[in-house]
Amino acid sequence: MKILIAGYGKIGATLVRQLSGEGYELTIIESDPDKMEECIELYDVMGIEGNCASMEVLREAKVESADLLIAMTGQDEINLLCCVTAHHMNPKISTITRIKNPEYSGQITSMQGAFALSMAVNPDFQAAKEISRLIRYPGFLKRDTFAKSNAEIVELKVKKDSALNGLSLFRINHTLKCQVLVCAVLRGGEAIIPSGDFVLQENDRIFVTASNENLNELLKRLNIITHKATTVLIAGGSRIGYYLAKNLILHGISVQIVDFKARRCRELAAMLPEAVIVEGDASDQKVLDREGIGNCDAFVALTGMDETNVLMSLYADHRKVPQTITKLGRAENLHILENLPVGSIVSPKDLVTNIIIRYIRAKKSKVGAALTMHLIADGMVEAEEFRVTQETRHCGEKLKDIRLKKNVLLAGITRKGNNEIPSGESVFLEGDTLIVISGGDQVIEQINDIFAE
């Protein structure tokens with residue numbers, strides 16, 4: 001598949017890294033010569049310097065023979081014009097664009113056909129949606145849903161006094177009296193797909209799959225308090241902050257936003273009359289104290305500076321805020337933060353990248369492609385959901401008789417809304433959905449890719 005990527009920013013760079021590793025034929029269009037040079041040095045891709053909305057530049061990038069265009073520049077209008085122009089030059093091309101401005105969100109949906117868009121993504125909206133969900137359903141550092149929300153993969157950190165510390169995986173269900181499966185462990189920056197004799201240690205970040213009721217039982221057994229938030233303090237009045245506040249207010253949660261720009265505060269006050277908007281520097285601990293950080297149920301750090309967000313979240317933890325969420329724009333070195341109490345980490349570019357990669361794989365595979373795909377363990381492990389069809393091999397066979405590829409784990413079977421943690425005696429049938437965990441360099445594009453033979 002030939003793919004054009006317009007814009008080598010945060011999302012563009014992440015897509016190039018992922019897709020080049022999967023063997024796609026990539027051409028990058030970027031107006032900044034320094035960024036273009038960096039891209040070509042790092043990856044085996046073609047590079048075209050220029051304006052991606054220009055017919056001349058698109059022709060040089062061979063848009064007429066491309067299968068997909070992904071427009072990820074920093075300007076919504078350029079992205080839209082790029083997609084419209086590309087479709088005019090090649091009516092068969094699929095197009096994906098990033099749209100950030102909230103003013104465009106409604107009309108993009110209603111005019112998707114007019115703009116010749118296959119998909120529009122909004123990283124700020126996706127991040128706000130993820131953060132809202134973490135706040136409204138607390139207890140875990142991260143939650144990814146599968147099987148129409150009947151199953152989840154959640155992230156927990158093993159603390160020194162936790163019942164999980166020193167526990168081998170084959171004893172978890174007996175010790176905690178609930179059916180869960182630890183499908184991945186992040187330890188010292190290394191992602192591990194563990195076997196049953198793996199022993200958990202303090203500071204491990206573990207990724208657990210189970211039904212919703214078993215996950216709730218897990219929280220009780222581990223004495224993790226899941227008090228739902230009624231008051232949230234947001235540091236940073238960015239687009240994410242706006243989307244998040246709007247969502248939380250709809251769910252009856254009181255919101256306070258602190259931003260240092262007077263003009264932005266006035267804009268937010270007009271758009272969010274139910275929220276409390278405060279002009280101030282949220283990186284100043286005195287300002288946070290004045291605005292009641294010690295009394296809020298959740299604190300969200302959303303400034304444009306990763307370092308500032310981390311420091312504010314550390315202070316929120318120091319002030320015993322029950323739930324802290326930290327936005328990171330660049331999440332390449334997440335292992336550095338493993339042992340720091342910064343709460344849940346949300347990366348807008350990773351959320352959008354997941355959506356786009358799933359679309360591309362589905363377009364390539366067509367039959368048997370993943371229904372859902374999430375990157376877990378700092379992007380080193382993939383969790384995918386597949387539907388079992390007539391073409392799926394080994395239907396009706398016991399799992400103990402089936403050989404899976406190395407570093408592949410079958411983590412869940414969902415049948416008619418009921419989720420099962422697989423055992424050797426389990427079977428999957430046509431119509432079931434399977435949750436598949438894979439690590440290493442391999443790519444699971446369709447369900448039959450998981451089998452060893």
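The values are calculated or read from the model by the stated rules, or taken from the named source; none is laboratory data. No experiment lies behind these values; they were computed from the predicted model shown. We place every Cβ from the backbone using ideal geometry, glycine too, and count neighbours over all the protein chains shown.
Do we have any residue at all in the range 325-341 that's over 23 Å from PHE451 (Cβ atoms), small (Gly, Ala, Ser) and at pLDDT 90 or above?
Checked against the condition, which is being over 23 Å from PHE451 (Cβ atoms), small (Gly, Ala, Ser) and at pLDDT 90 or above, the range 325-341 yields no hits at all.
ILE131 is checked against (1) part of a helix (DSSP H, G or I); (2) aliphatic (A, V, I, L, M); (3) modelled with pLDDT under 90 and fails just one. What number does that condition carry?
Only one criterion is unmet by ILE131, namely (3).
In the range 146-168, which residue that is small (Gly, Ala, Ser), crowded, with 16+ Cβ neighbours inside 10 Å and outside any loop (DSSP other than H, G, I, E, B) is modelled with the lowest pLDDT?
Step by step, filter the range 146-168, then rank; the result is ALA147.
Only one of GLY424, GLY417, GLY396 is touching a residue at least 60 places away in the same chain (Cβ under 8 Å), farther than 30 Å from GLU338 by Cβ and not assigned by TED's automatic domain parsing to the domain that holds LEU186; which?
Unique residue meeting the criteria: GLY417.
Among the residues in the range 362-371, are any at pLDDT 90 or above, buried (at least 17 other Cβ atoms within 10 Å of the Cβ), within 20 Å of the chain's Cα centre (by Cα) and not charged (D, E, K, R)?
no
With respect to GLU38, is the statement that it is more than 20 Å from GLY329 (Cα to Cα) and either surrounded by 16 or more Cβ atoms within 10 Å (Cβ to Cβ) or free of Cβ contacts under 8 Å to residues at least 40 places away in the same chain (or both) true?
No, not satisfied.
Could you grab me the full set of residues in the range 87-107 that are under 16 Å from GLU267 (Cβ atoms) and within 20 Å of the chain's Cα centre (by Cα)?
Residue satisfying the conditions is LYS100 alone.
Which of the following residues is closer than 20 Å to ILE131 by Cβ, polar (S, T, N, Q) and in a helix (DSSP H, G or I): THR303, THR308?
Of the residues listed, the single one that is closer than 20 Å to ILE131 by Cβ, polar (S, T, N, Q) and in a helix (DSSP H, G or I) is THR308.
Please go through the range 271-320 and pick out each residue that is touching a residue at least 60 places away in the same chain (Cβ under 8 Å) and surrounded by 15 or more Cβ atoms within 10 Å (Cβ to Cβ).
Answer for the range 271-320, where residues must be touching a residue at least 60 places away in the same chain (Cβ under 8 Å) and surrounded by 15 or more Cβ atoms within 10 Å (Cβ to Cβ): ILE293, CYS296, ASP297, ALA298, PHE299, VAL300, ALA301, LEU302, THR303, ASN309, MET312.
Regarding the range 333-341, can at least one residue be identified that is in the same structural domain as LEU244 (by TED's automatic domain parsing), more than 15 Å from PHE125 (Cα to Cα) and among the hydrophobic types (A, V, I, L, M, F, W, C)?
There is no residue in the range 333-341 that is in the same structural domain as LEU244 (by TED's automatic domain parsing), more than 15 Å from PHE125 (Cα to Cα) and among the hydrophobic types (A, V, I, L, M, F, W, C).
Is there a residue in the range 245-253 that is within 23 Å of VAL310 (Cβ to Cβ) and either touching a strand residue (DSSP E or B) at 6+ places or on another chain (Cβ under 6 Å) or of a type in the set (A, V, I, L, M) (or both)?
Among the residues of the range 245-253, at least one is within 23 Å of VAL310 (Cβ to Cβ) and either touching a strand residue (DSSP E or B) at 6+ places or on another chain (Cβ under 6 Å) or of a type in the set (A, V, I, L, M) (or both), which makes the answer yes.
How many residues, within the range 169-180, are under 27 Å from THR324 (Cβ atoms) and either among the aromatic types (Phe, Trp, Tyr) or not in a loop (DSSP other than H, G, I, E, B) (or both)?
Counting residues in the range 169-180 that are under 27 Å from THR324 (Cβ atoms) and either among the aromatic types (Phe, Trp, Tyr) or not in a loop (DSSP other than H, G, I, E, B) (or both) gives 2.
Does the range 49-71 hold any residues that are among the basic types (Lys, Arg) and not in a loop (DSSP other than H, G, I, E, B), and which are they?
Answer for the range 49-71, where residues must be among the basic types (Lys, Arg) and not in a loop (DSSP other than H, G, I, E, B): just ARG59.
For the range 109-128, what are the residues that are of a type in the set (Phe, Trp, Tyr) and assigned to a loop (DSSP other than H, G, I, E, B)?
The one that is of a type in the set (Phe, Trp, Tyr) and assigned to a loop (DSSP other than H, G, I, E, B): PHE115.
Test THR73 against the criterion of being more than 24 Å from the chain's Cα centre (by Cα) and among the hydroxyl-bearing types (Ser, Thr, Tyr), and give yes or no.
Here the answer is no, as THR73 does not meet what is asked.
Return only the number of the condition from (1) without any contact (Cβ under 8 Å) to a residue 12 or more places away in the chain; (2) in a loop (DSSP other than H, G, I, E, B); (3) within 28 Å of GLY431 (Cβ to Cβ) that GLU213 does not satisfy.
(2)
Tell me, yes or no, whether the range 174-189 has at least one residue that is in contact (Cβ under 8 Å) with a residue 40 or more places away in the chain, under 20 Å from the mean Cα position of the chain (by Cα) and surrounded by fewer than 21 Cβ atoms within 10 Å (Cβ to Cβ).
yes
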